[in-house]
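A short write-up of the structure that comes next.
The values are calculated or read from the model by the stated rules, or taken from the named source; none is laboratory data. Keep in mind it's a predicted model, so treat the numbers as computed, not measured. Cβ placement follows ideal geometry from the backbone for every residue including glycine, while neighbour counts extend to all protein chains displayed.
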């Protein structure tokens with residue numbers, strides 16, 4: 001227990017506030033009296049109440065006769081000076097149209113990126129806000145650690161944890177259990193409708209806030225074979241009829257509609273067409289399969305709970321830790337540990353497998369925010385550079401203001417007001433650019449529109465205004481400090497001599513930093529694109545060219561296979577339960593020796609799969625027998641599996657005939673394949689097996705296509721599908737396209753960084769253009785004198801360009817090694833197999849930027865070099 005303080009003191013902030021507003025001649029007595037009164041109250045009424053009374057008294061003495069008159073009048077003076085600041089700033093903008101245009105456009109472009117990032121962050125932070133108990137809601141997540149495999153963090157958990165929560169775990173107010181994977185055809189009379197649903201238990205509506213427009217939320221999911229549908233689903237199934245009490249058939253079972261729910265909001269991590277009572281799953285799957293309730297059956301179930309107001313999540317976690325210890329005693333070579341995840345961290349939290357809905361790691365937002373800040377800083381550097389470059393003209397203005405009585409604070413206020421005004425003007429332009437960027441953002445990938453809405457809200461508008469104010473203050477800070485320090489007596493001194501490091505001018509340093517960041521963006525885009533193309537063209541160890549994968553939607557493949565085999569362009573067909581190398585993974589626990597178990601990835605295929613995909617057999621044969629249902633006997637493995645279990649000293653020929661225990665079945669190795677990629681480039685090559693399983697429904701038909709008219713061939717395949725299935729649309733994708741989709745996030749990242757690189761170069765080029773224009777204008781007399789003395793135009797161009805090109809060279813020397821380190825030591829370490837980073841990717845963008853800069857600098861300096869000395873020097 002925490003001991004009370006032996007010497008309580010009044011709140012420090014209240015005392016500081018008193019000292020800030022009170023007149024010096026009254027402060028000592030007033031502060032002493034308040035302190036004595038505080039000590040008396042501590043003795044009579046207690047420390048907490050004494051502090052409260054002290055705060056009230058500090059505000060009670062905020063009277064006209066106690067105010068510091070000089071400071072208060074100064075504050076009012078500053079307030080009244082704002083109008084003068086704005087008027088002077090407007091005149092400065094109009095007088096310097098080119099520099100104002102460069103600053104406004106540069107800030108507008110950079111702020112549009114900031115507005116997009118703000119909208120993205122606002123959406124992610126708004127997920128699941130509509131739930132009434134959102135601040136007290138948690139999801140139970142799982143860490144799955146098996147022998148011989150990497151630990152997996154899962155959003156899903158087991159039905160068993162739901163059963164244990166029924167034992168009145170201390171600190172839990174309510175909980176609900178849902179299960180994914182229900183998909184079927186809803187039959188209503190003679191009509192059939194495909195439907196995606198989840199199982200949910202009777203407490204679903206106690207935990208989640210999904211209002212019912214019809215039905216009782218307390219009983220809607222209580223009984224077996226109860227069905228709650230959404231409003232859109234109700235209209236699709238029943239039209240204008242009242243859905244309550246209606247019967248919907250799935251396969252051979254009838255379900256009764258007991259409720260109609262409103263559609264889930266767009267920013268909800270959980271979406272559904274229908275909810276089926278969890279008691280239905282208990283009655284069908286649970287009674288037939290003990291695995292349904294197993295502690296380590298953690299792949300399809302999700303548990304959510306609420307804690308009471310004032311409750312402690314730590315207490316609940318301690319109870320879950322005890323359950324972990326008890327339940328893990330009943331499983332071998334495996335640990336399953338569950339923990340709590342706050343509801344607000346589901347959409348914006350750590351990366352979990354088996355997640356429902358969108359997930360974004362906080363580090364992603366930090367990266368996005370960092371990139372946006374870099375772009376904004378680049379525009380702010382432009383502002384600083386151009387402001388300091390005009391130091392000769394503006395310093396005279398500042399000197400005059402100081403001579404007639406302006407304080408340093410007035411000068412600071414003047415330049416900060418000017419930069420904030422420019423920022424708010426830029427905000428108007430940036431909003432139009434933001435609308436365009438938002439459209440392009442949605443066009444990057446079709447899935448983005450399912451995750452974000454990016455709709456304007458009052459909160460987002462406030463954030464936009466705050467960004468403009470922040471950008472204005474940031475851009476104007478250095479110029480304001482610079483000009484406020486100018487000595488009125490040395491007002492004609494060249495301000496370009498200001499140094500931030502020894503021998504390094506402020507303008508030169510900012511140009512180097514600006515172009516360093518721009519070159520990093522460009523090199524990152526080039527290297528990222530090269531890696532992306534490398535992933536798509538990587539040798540997976542099997543053939544994917546011209547192979548079309550058709551999803552069967554749970555139907556019997558035999559009839560469709562015969563239909564498709566009759567199409568001349570279809571050369572070969574095979575069947576598989578899944579498509580490998582695109583991120584989907586499925587495994588089973590496998591043993592070779594007693595006590596040595598590992599999760600081995602697998603795919604169920606038929607005897608035609610290996611020839612179509614050109615897998616290389618090192619020893620043995622393809623499947624020799626077509627098993628009957630439940631009588632599987634053979635398995636084909638890869639080299640890594642022999643290595644994992646050290647079978648026959650890893651010799652493929654000697655491994656033939658060895659027995660593996662897969663799940664509960666004994667399977668004989670009949671073939672050994674050369675290693676191939678089962679997962680994506682993020683995964684190393686691991687043990688894999690192919691099984692010929694007659695007990696599992698086939699997931700895909702794999703067609704090898706040879707056609708000169710692909711459109712006509714796809715129409716034939718679509719016609720065959722329509723004859724086979726009149727309800728479900730055809731889902732057919734070429735293998736290479738599926739691989740490309742597997743790396744779509746990488747593609748989106750490359751495109752986004754490429755866009756940022758383009759914007760960064762535009763902003764930097766605008767700033768460089770302004771600096772070149774200013775430099776050539778200020779050196780016209782020097783150029784004219786040199787021409788009179790015999791200097792050639794190419795020599796003058798070189799003289800003027802040399803300084804800028806040197807700065808760009810320094811930027812390249814910093815940016816290119818930094819980009820190499822970024823990829824080689826940080827970004828690409830997560831990919832086991834990636835392409836080496838080549839010089840063309842690093843140097844190509846730098847050379848392009850240098851060429852652009854040479855053209856821009858050369859055009860302006862050549863114009864200055866061609867000027868007539870007589871006109872320039874006629875008044876000298």
In the set 164, 179, the lone residue that is surrounded by 14 or more Cβ atoms within 10 Å (Cβ to Cβ) and under 28 Å from the mean Cα position of the chain (by Cα) is 179
Among residues of segment 458-468 being loosely packed, with under 14 Cβ neighbours inside 10 Å and touching a residue at least 12 places away in the same chain (Cβ under 8 Å), the residue nearest to residue 416 (Cα to Cα) is 465
Give the residue that is nearest to residue 835 (Cα to Cα), with candidates limited to residues of segment 707-729 that are part of a loop (DSSP other than H, G, I, E, B) and in contact with a helix residue (DSSP H, G or I) (Cβ under 9 Å, 6 or more places away or on another chain). 707
From the list 523, 475, 509, exactly one residue is surrounded by fewer than 22 Cβ atoms within 10 Å (Cβ to Cβ) and either outside the structural domain of residue 720 (by TED's automatic domain parsing) or at pLDDT below 90 (or both). Which is it? 509
Every pair of residues 6+ apart whose Cβ atoms lie under 6 Å, when the first sits in segment 544-573 and is on the phi > 0 side of the Ramachandran plot and not assigned by TED's automatic domain parsing to the domain that holds residue 735 while the second is surrounded by fewer than 17 Cβ atoms within 10 Å (Cβ to Cβ) and in a helix (DSSP H, G or I): none
If you go through segment 530-539 one residue at a time, do you hit one that is more than 17 Å from residue 761 (Cα to Cα), outside any helix (DSSP H, G or I), modelled with pLDDT of 85 or more and out of contact with any helix residue (DSSP H, G or I) (no Cβ under 7 Å at 6 or more places or on another chain)? yes
In segment 550-574, residue modelled with the highest pLDDT [restricted to those that are crowded, with 19+ Cβ neighbours inside 10 Å and within 36 Å of the chain's Cα centre (by Cα)]: 550
Filter segment 775-790 for residues that are surrounded by 18 or more Cβ atoms within 10 Å (Cβ to Cβ) and touching a helix residue (DSSP H, G or I) at 6+ places or on another chain (Cβ under 6 Å); the one that is nearest to residue 379 (Cα to Cα) is 776
Check every one of the helices (runs of 4 or more DSSP H) wholly within segment 741-848 and list those with 1 or more residues that are in contact with a strand residue (DSSP E or B) (Cβ under 6 Å, 6 or more places away or on another chain) and not assigned by TED's automatic domain parsing to the domain that holds residue 448. none
Count of segment 182-201 residues which are free of Cβ contacts under 8 Å to residues at least 60 places away in the same chain and surrounded by 16 or more Cβ atoms within 10 Å (Cβ to Cβ): 0
Criterion first (touching a strand residue (DSSP E or B) at 6+ places or on another chain (Cβ under 8 Å), in the same structural domain as residue 170 (by TED's automatic domain parsing) and part of a strand (DSSP E or B)) does residue 260 satisfy it? yes
Tell me which helices (runs of 4 or more DSSP H) are completely within segment 593-677 and hold 3 or more residues being more than 39 Å from the chain's Cα centre (by Cα), or say none if there are none. 652-655
In segment 348-372, residues that are in contact (Cβ under 8 Å) with a residue 60 or more places away in the chain, in a helix (DSSP H, G or I) and surrounded by fewer than 18 Cβ atoms within 10 Å (Cβ to Cβ) total 2
Quick check on this structure: which one of 179, 164, 139, 202 is in contact with a helix residue (DSSP H, G or I) (Cβ under 9 Å, 6 or more places away or on another chain), assigned by TED's automatic domain parsing to the domain that holds residue 299 and part of a loop (DSSP other than H, G, I, E, B)? 202
Determine whether residue 857 is surrounded by 15 or more Cβ atoms within 10 Å (Cβ to Cβ) and modelled with pLDDT of 80 or more. no
Given the condition free of Cβ contacts under 8 Å to residues at least 12 places away in the same chain and under 29 Å from residue 297 (Cα atoms), answer yes or no: does some residue in segment 251-271 qualify? yes
